[in-house]
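A.B. asks: Here it is, the structure in full.
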Amino acid sequence: MDRRGFLQTSIGAALAAPFARGQARKPNVVVLFADDLGYGDLGSYGGKDIPTPNIDSIARNGVRFTNGYVSCPVCSPTRAGLMTGRYQQRFGHEFNPGPAQQAQGDFSLPLSETTIADRMKAAGYATGIVGKWHLGYKPEYHPMKRGFDEFFGFLGGAHSYLDAKADQANPILRGTKAVNETEYLTDAFTREAVAFIERHKQSPFFLYLPYNAVHNPAQATEKYLSRFGQIKDEKRRIHAAKLSSMDDGIGSVLGKVRELGLEENTLIFFISDNGGPTRQTTSKNDPLSGFKGDVLEGGIRVPFLLQWKSKLRGGARFDQPVIALDVLPTAVAVAGGSAGSNLDGVDLMPHLTGATRKSPHDLLYWRFGAQSAVRKGDWKLVKIGDAAPRLYNLARDVNESKDVAASEPGKVKELQAAYDAWNRQLMEPRWKNQRRTGAQPGSRSEEGNRPRKRRRGRD
């Protein structure tokens, strides 16, 4: 497919609505971030058995990205990239830290890095985070020391949905104080997000809502389980219930924005932090190969949606590669703030409105321990450990089943040289994950699950 021609043939007519004039205030920005959601889990990405009408409404009212990526196939590094707009390996944040009791002392998003919340606050925004932080446990790395005015959630990588006191080292916090939350955790996060919007309806706000759904543990309430009695596989039924609860929550957030008359002037992102750990949760990465923890497409290509009703007409599809690093420069640009000059992400708005026909990114890169990948146009080079690099043409082979390295040596050389030049700019990891250090894809997830055979696409 001619990527550079896509804007003219599809985006041009469908997206490029005129910019609204005379708006009295800066646009609000909401970043909805799912956890461990597979590429094929949503209705808008081909899912069939779990209705997700509210998340899908963002695609209907905005833009669906078919080549949306994250910068790492596991949780914490992806969040470090999202928060900074920079490849997280530039500051040594390459792996997950492990549970709070085991995390190495230097685990953190470094204080030398400026976060999206810092930049939005400097632009005059009220800033709030509701949900999972996973970027440092010590007081100096708390979200409210990193640009957020308000925080409700937990600092670690996972949490019980049913018992706020299940992990004493990782409590549910309001600000810096532990609370005994009694609601199902997804519902509690929704409640707090809606309340944040209500409190700040009179001034521009930035809300980061990183749900822990649909991450393990496999817990759901009867309210949501009862919707899926037709699903006989208990693991799949719980996964469906968790996804349905998050979809309900996003519906409440979108509904509050609409109720307050803010929908036209609110930029909304929806992204997952990595691909689904299919065997552990029954998530679906169809039609992609690989899982969470892999630099194959199933680990790094994710649902990626954007809505801004006063600026972008709905129902559009954008096929050029984008990455979660783009959230910061896009949000800060629409806020009229300063994003600096050392970012790896780009402002997506000129590409979506047709102001430019250039691709947002010439190249995208991944390094996760012994795994690496680089994408240029439709070509992707993957290297796992000491094995020879594998080359795929994603336009013809999205499942990464046909290695064409032998027939395209020039392309292998070109992409390897690009990757090597990028890799020389990076730091060594500041800590090693105790359970996974980027070993062969499919060996285990970062939670320490048993080794599994690599399978393609679906369970």
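The values are calculated or read from the model by the stated rules, or taken from the named source; none is laboratory data. Computed from a predicted model, the values in this text were never measured in an experiment. Cβ sites come from the backbone with ideal geometry, for glycine too, and all protein chains shown count toward neighbours.
A.B. asks: Tally up the residues in the range 56-85 that are hydroxyl-bearing (Ser, Thr, Tyr) and assigned to a strand (DSSP E or B), please.
C.D. replies: The first filter runs over the range 56-85 and keeps only residues hydroxyl-bearing (Ser, Thr, Tyr), leaving 57, 66, 69, 71, 76, 78, 84.
Of the ones still in play, those that are also assigned to a strand (DSSP E or B) are 69.
Count: 1.
A.B. asks: Another one. Every residue in the range 344-378 that is touching an Asp or Glu at 6+ places or on another chain (Cβ under 8 Å) and of a type in the set (Phe, Trp, Tyr), please.
C.D. replies: PHE368
A.B. asks: Could you tell me how many of the residues in the range 108-154 are in a loop (DSSP other than H, G, I, E, B) and more than 15 Å from PHE33 (Cα to Cα)?
C.D. replies: Of the range 108-154, the ones in a loop (DSSP other than H, G, I, E, B) are 109-115, 123-125, 133-135, 137-138, 142, 146-149.
Then drop every residue that is not more than 15 Å from PHE33 (Cα to Cα), which leaves 109-115, 123-125, 137-138, 142, 146-149.
Count: 17.
Let's see how each residue does on (1) of a type in the set (S, T, N, Q); (2) touching a Ser or Thr at 6+ places or on another chain (Cβ under 6 Å):
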position	(1), (2)
LEU209	no, no
ALA213	no, yes
GLN219	yes, no
TYR224	no, yes
ILE231	no, no
ARG236	no, yes
HIS239	no, yes
MET246	no, yes
GLY251	no, no
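A.B. asks: Still on this structure, I have one more. Filtering the range 29-70 down to residues that are closer than 20 Å to THR281 by Cβ and among the polar types (S, T, N, Q), which residue is surrounded by the most Cβ atoms within 10 Å (Cβ to Cβ)?
C.D. replies: Top of the filtered list is THR52.
A.B. asks: Pick out the one residue from ASP294, ASP319 that is on the phi < 0 side of the Ramachandran plot, surrounded by 24 or more Cβ atoms within 10 Å (Cβ to Cβ) and acidic (Asp, Glu). Talk me through it step by step, then tell me what you get.
C.D. replies: On the way: ASP319 fails: surrounded by 24 or more Cβ atoms within 10 Å (Cβ to Cβ).
Unique residue meeting the criteria: ASP294.
A.B. asks: Quick check, is ALA324 of a type in the set (Gly, Ala, Ser) and either surrounded by fewer than 22 Cβ atoms within 10 Å (Cβ to Cβ) or outside the structural domain of VAL295 (by TED's automatic domain parsing) (or both)?
C.D. replies: Working: of a type in the set (Gly, Ala, Ser): yes; either surrounded by fewer than 22 Cβ atoms within 10 Å (Cβ to Cβ) or outside the structural domain of VAL295 (by TED's automatic domain parsing) (or both): no.
So ALA324 fails the test.
A.B. asks: Then there is this: For ALA220, state whether it is under 28 Å from GLN307 (Cα atoms), touching a Lys or Arg at 6+ places or on another chain (Cβ under 8 Å) and aliphatic (A, V, I, L, M). Talk me through it step by step, then tell me what you get.
C.D. replies: Details: under 28 Å from GLN307 (Cα atoms): no; touching a Lys or Arg at 6+ places or on another chain (Cβ under 8 Å): yes; aliphatic (A, V, I, L, M): yes.
It is false that ALA220 is under 28 Å from GLN307 (Cα atoms), touching a Lys or Arg at 6+ places or on another chain (Cβ under 8 Å) and aliphatic (A, V, I, L, M).
A.B. asks: Restricting the search to the range 88-107, which residues are part of a loop (DSSP other than H, G, I, E, B) and either of a type in the set (Asp, Glu) or surrounded by fewer than 22 Cβ atoms within 10 Å (Cβ to Cβ) (or both)? Walk me through it before giving the result.
C.D. replies: As a first pass, look at the range 88-107 and keep what is part of a loop (DSSP other than H, G, I, E, B): 92-107.
Result: GLY92, GLU94, PRO99, ALA100, GLN101, GLN102, GLN104, GLY105, ASP106.
A.B. asks: Is there any pair linking a residue in the range 32-58 that is free of Cβ contacts under 8 Å to residues at least 24 places away in the same chain to one that is part of a loop (DSSP other than H, G, I, E, B), with Cβ under 6 Å and at least six apart or on different chains, and which?
C.D. replies: Taking only residues 6 or more apart or on different chains, the pairs are GLY43/THR52.
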